[in-house]
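These notes concern the structure reproduced below.
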Amino acid sequence: MTYCYGWAPDTIWPEELVAALGLSRCDYQLFDNLGGAAACSAVLSAAMAVYAGLCDNVLVYRAMNGRSERPALLPPPDQARGKRQWGVPFGALHAAANLGPAVTAYMQRHGITNRDFAGLAVLQREHAVLNTKAMMRDPLTVAEHQESPWIVEPFRRMDCCLTSDGAAALVVTSSERARDLRHGGVSILAGLGGAVPATDHRTHAAAAAPALYRAAGITVDELDFAQLYDAFTGTCLQHVEDFGLCAAGSAPAWIADGQAGLDGATPLNTHGGLLSEAYLQGLGHVVEAVQQLRTHGVRDDLCTGAHDHDRVRCRQVRDAEVGLVCGQGGDSSLVLRKSFG
């Protein structure tokens, strides 16, 4: 089976990939046009297909030329349909404009300013410095964040994710089969993939988190790290709060206090995320979570031997056992656990 997701036809289709890989058979293929919201539900759908006996192994991938070959994602204003008809004719032509109002309301409610976004951007760049496959590896300062130009208020350029050419992929199989593989196994404890109407400008995570943790049999305090969708700094701060990592309105202070650092209470976006590693609509977050949980840990930091947790070269989280991942808005999410190996 092959599973891909995208946002408009900006990726190689499953049937094309099957031919390119020279596969003799593919029993099932699936493409979801849900964008970054599907980052975790793609993995969850693959797991359900394996559990149902539909297939033995599933390739989940996201490939895109977001930088060099940007497609026209929106129809002309006079052809906009659905909810887009209320935004496109008035200039809401991209994600920053569409998500900005909800983030502005969040800021007004809690007395947060754009400068409060800087801590997250700087933190994730610190993590990306230790990631050899990250696009942005030069250190970032608060001053540089504040000097970056406005894109659409409340977002400056350094509040916005990258545009990237690249791909990410992973394989989902049964626990029985995984025990025979070279790398240690990572199990899916729980997952959700859906959406609810926006209420009080909060993300879907606010409603989904309790059910997700209950299904996984854990509490939020048992998470060893979180890889949370960060198309924009402001929306990522909402994810942090709505998934219960800290109290409402306190995410900037929580980050400033070091709680999201590699040695903090819940390390956040340890690869640099969409802001600094690459924008592949969130599948890189799942890949990072799996690497953090595998027996030998991440393979693309600056360590030359075993992970020593020296933050000059090592981004491996200490004793990682359980991790959280989410897609845009918390519309899909996973709790993963190191299981064997």
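The values are calculated or read from the model by the stated rules, or taken from the named source; none is laboratory data. This one's a predicted model, so the numbers in the text were calculated from it and none came from an experiment. When we count neighbours, we look across all protein chains shown, and the Cβ atoms used for this are built from the backbone with ideal geometry, even at glycine. Side chains are part of the model used for accessible areas, which takes the heavy atoms of the whole protein and leaves out ligands, DNA and RNA. Shrake-Rupley method; radii C 1.70, N 1.55, O 1.52, S 1.80 Å.
Return yes or no: is VAL103 at pLDDT below 80, β-branched (Val, Ile, Thr), in contact with a Pro (Cβ under 7 Å, 6 or more places away or on another chain) and surrounded by 16 or more Cβ atoms within 10 Å (Cβ to Cβ)? So VAL103 fails the test. For the stretch 143-190, a tally of residues being open to solvent by less than 20 Å² (accessible area, probe 1.4 Å) and part of a loop (DSSP other than H, G, I, E, B) returns 4. Residues in the stretch 215-237 that are assigned to a helix (DSSP H, G or I) and without any contact (Cβ under 8 Å) to a residue 24 or more places away in the chain: ASP221 only. Reported count of residues in the stretch 227-254, each being more than 16 Å from LEU324 (Cβ to Cβ) and of a type in the set (A, V, I, L, M, F, W, C), is 5.
Tell me, please, whether a residue that is in contact (Cβ under 8 Å) with a residue 12 or more places away in the chain, part of a strand (DSSP E or B) and crowded, with 19+ Cβ neighbours inside 10 Å can be found in the stretch 108-119. No, because not a single residue in the stretch 108-119 is in contact (Cβ under 8 Å) with a residue 12 or more places away in the chain, part of a strand (DSSP E or B) and crowded, with 19+ Cβ neighbours inside 10 Å. Step by step: first the residues of the stretch 1-56, then only those that are more than 21 Å from GLY193 (Cα to Cα) and hydroxyl-bearing (Ser, Thr, Tyr), then the one that is nearest to the chain's Cα centre (by Cα). Which residue is that? Checking each candidate, the answer is THR11.
For the stretch 39-60, the set of residues classified as of a type outside the set (A, V, I, L, M, F, W, C) and surrounded by fewer than 18 Cβ atoms within 10 Å (Cβ to Cβ) consists of TYR51, GLY53, ASP56, ASN57, listed by residue number. Applying a threshold of 8 Å to beta carbon distances and a minimum spacing of six or more residues, or different chains, the list of pairs starting in the stretch 49-67 at a residue that is among the charged types (D, E, K, R) and ending at one that is part of a strand (DSSP E or B) reads ASP56/THR173; ARG62/CYS4; ARG62/TYR5; ARG62/ALA167; ARG62/ALA168; ARG62/ALA169; ARG67/ASP165. Is it fair to say ALA63 is modelled with pLDDT under 90, surrounded by fewer than 17 Cβ atoms within 10 Å (Cβ to Cβ) and either part of a helix (DSSP H, G or I) or hydrophobic (A, V, I, L, M, F, W, C) (or both)? So ALA63 does not fit the description; no.
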